[in-house]
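One structure is given below, encoded as structure tokens.
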Amino acid sequence: MVDTETVLIVGAGPIGLACAIAARRRGLDPLVIDQGAIAESIVRYPIGMVFFTTPDRLEIGGHPLVCAGPKPTREEALMYYRGVARSEALRVRPYTRLAGVERRGGQLACRVVRTLGAPRDEVIPCERVVLATGYFDHPNPLGVPGECLPHVSHYSTEAHGLAGLDVAIVGAKNSAVELALNAFRAGARVTLVHRGAALKPSVKYWLRPDFENRVKAGEIEVRWNTAIREISNGDVLVEGAAGVERVPADRVFLLTGYRPDFDLLRGIGITLDPETMRPAHDSQTLETDVPGVFIAGSLTAGKFTSEIFIENGRYDGERIFGDAEGRRRAGTAAGRIARPVGE
């Protein structure tokens, strides 16, 4: 018989780990599961990526993040977060996915599925569940023919393997710009396609001029105000101001953003606002309208995932496990707008 867990935290990213530390420091011993590795979302970032923010704003549990430059790289962040998990002796089970939560008597029953190696289902009884699953596992689909072809990806990749290829990148945020630059420098022929007229304002200040100079030099092609209509083996069909054309593409990257797993939240019984998709929750304690189930990080924002970052979501564990004064301090430190329950 499986022992009852006092706290089950779903998501071993920075915010999930921060929640686990907050629980540990209040005498609890949470079990943390993740369908991928520790900090899986950062694993998916481009190799060598530099964070926009400074290391102190990525720190959790009071552990200093030491990096070689003024801002940490992807690799330094991965080393840091797995080091924190080890230093805090957190019980982390990677490659374990939450499939559902139901109430059995006075307890919550969480069905989990192993995602690496031999399949194995298990039901873990627990008193509290904290959902800190983020949104990086669920790309926003374009809904165009060919989107599921093997050479199409919603995630960036190491650029070396793109040398000598025609590469089409859809998007205009940091991930798209960074991949375009890396792929160009690796020897790929790059075309960036975006339905808008320019890069997003949030593009890192050191990437923007580099990208714009490559475009001016004719080293990276751009199709502004253009939409993908179809993806085929070898090219993409696009439509823009100049009409319809086929752009050569051996690899296609649809870097169009991500969303939380709304189906999982609905399946648990959490009410979602039909317009914003924000889960109903108490803005002070982060408990949802399913008793014993809490949310943390970007899940609190519904569709508006850009509102929550590691910098402000890392305080959510204090709001969940702390007392009233601790919750007040955490909310102030996070600088987040308190919303009424369900808003």
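Using just the C-alpha positions of the range 171-325 as equal point scatterers, what log10 of I(q)/I(0) does the Debye formula give at each q in 0.13, 0.16, 0.17 1/Å?
-0.77, -0.92, -0.97
Show me, for the range 49-56, the HN-Hα J-couplings you get by feeding each phi into the Karplus relation (A = 6.51, B = -1.76, C = 1.60, θ = phi - 60°), rounded to Hz, glycine and proline as x.
Those phi angles translate into 4, 9, 5, 6, 9, 7, x, 4 Hz.
Quick one: which of 171-177, 64-70, 197-203 comes out on top by average Cβ neighbours within 10 Å, and what's the full order, highest first?
171-177, 197-203, 64-70
At a Cα cut-off below 26 Å, give the lysines reachable from residue 71, other chains included and same-chain residues fewer than 8 away excluded.
Cross-link targets: 173, 200, 204.
Please turn the phi angles of the range 96-101 into ³J(HN,Hα) values with the Karplus equation 6.51 cos²θ - 1.76 cosθ + 1.60 (θ = phi - 60°), one per residue in order, whole Hz, x for glycine and proline.
Those phi angles translate into 9, 9, 7, 9, x, 9 Hz.
Order these peptides, 300-308, 149-157, 38-46, by their mean beta-carbon neighbour count within 10 angstrom, highest first.
Answer by packing, highest mean first, reads 38-46, 300-308, 149-157.
Calculate the dipole size of the chain relative to its Cα centre from +1 charges on Lys and Arg beta carbons and -1 charges on Asp and Glu beta carbons; express the result in debye to the nearest 20.
Its charge dipole is roughly 400 debye.
Need one number: % antiparallel among DSSP beta bridges in the range 152-254, to the nearest 5.
Counting DSSP beta bridges with both partners in the range 152-254, the antiparallel share is about 45 percent.
State the extension gain, in nm to one decimal, for the chain segment bounded by residue 205 and residue 307, taking 0.36 nm per residue of separation less the distance between their alpha-carbons.
34.8 nm
HN-Hα J couplings of the range 120-135 from phi, Karplus 6.51/-1.76/1.60, θ = phi - 60°, integer Hz, Gly and Pro as x?
7, 9, 8, 10, 10, x, 8, 8, 9, 10, 10, 8, 10, 8, x, 9
In Å and on Cα atoms, what radius of gyration and Dmax does the chain show?
So, for the chain, Rg and Dmax equal 21.3, 67 Å respectively.
Can you list residues whose amide H is under 5 Å from residue 130's amide H, if they're 5+ apart or on another chain and H is modeled 1.01 Å from N?
For residue 130, the qualifying residues are 8, 9, 10, 294.
Tell me the net charge near residue 74. Cut-off is 14 Å between Cβ atoms, residue 74 excluded, with +1 for each Lys or Arg and -1 for each Asp or Glu.
Spelling it out: positives minus negatives among the neighbours equals -1.
Quick query: amide H of residue 192 versus all other amide H atoms, modeled in the peptide plane; which residues come in under 5 Å with a sequence gap of 5 or more or a different chain?
169, 221, 222, 223
Report, in deg cm²/dmol and to the nearest 500, the calculated mean residue ellipticity at 222 nm for the chain, where each DSSP H run with n ≥ 4 adds -39500 (n - 2.57) and the sum is divided by the residue count.
Calculated from helices alone, the mean residue ellipticity at 222 nm is -6500 deg cm²/dmol.
Sum up the charges of everything whose Cβ sits under 11 Å from the Cβ of residue 261, counting Lys and Arg as +1 and Asp and Glu as -1, but leave residue 261 out.
Neighbourhood net charge equals +1.
Restrict the search to the range 192-299; then list the chymotrypsin sites (Phe, Trp or Tyr not before Pro) that DSSP places in a loop and that have at most 11 other Cβ atoms within 10 Å of their Cβ.
Those satisfying the criteria are 205, 206.
Roughly how many nanometres apart are two label points built 7 Å out from the Cα toward the Cβ at residue 229 and residue 273?
Between residue 229 and residue 273, the simple spin-label model gives 3.8 nm.
At 0.36 nm per residue, and after removing the present C-alpha to C-alpha distance, how many nm does the segment from residue 333 to residue 4 gain when stretched out fully?
Contour length minus the Cα-Cα distance gives 115.1 nm.
Out of 249, 226, 211, whose Cα points farthest toward the positive end of the dipole of the range 138-258 (charges: +1 Lys, Arg; -1 Asp, Glu; placed on Cβ)?
211
Each reported figure results from applying straightforward, stated rules to the coordinates on display, with no laboratory input. This is a predicted model, so every value here is computed, not measured. Cβ atoms come from the backbone with ideal geometry, glycine included; neighbour counts cover every protein chain shown.
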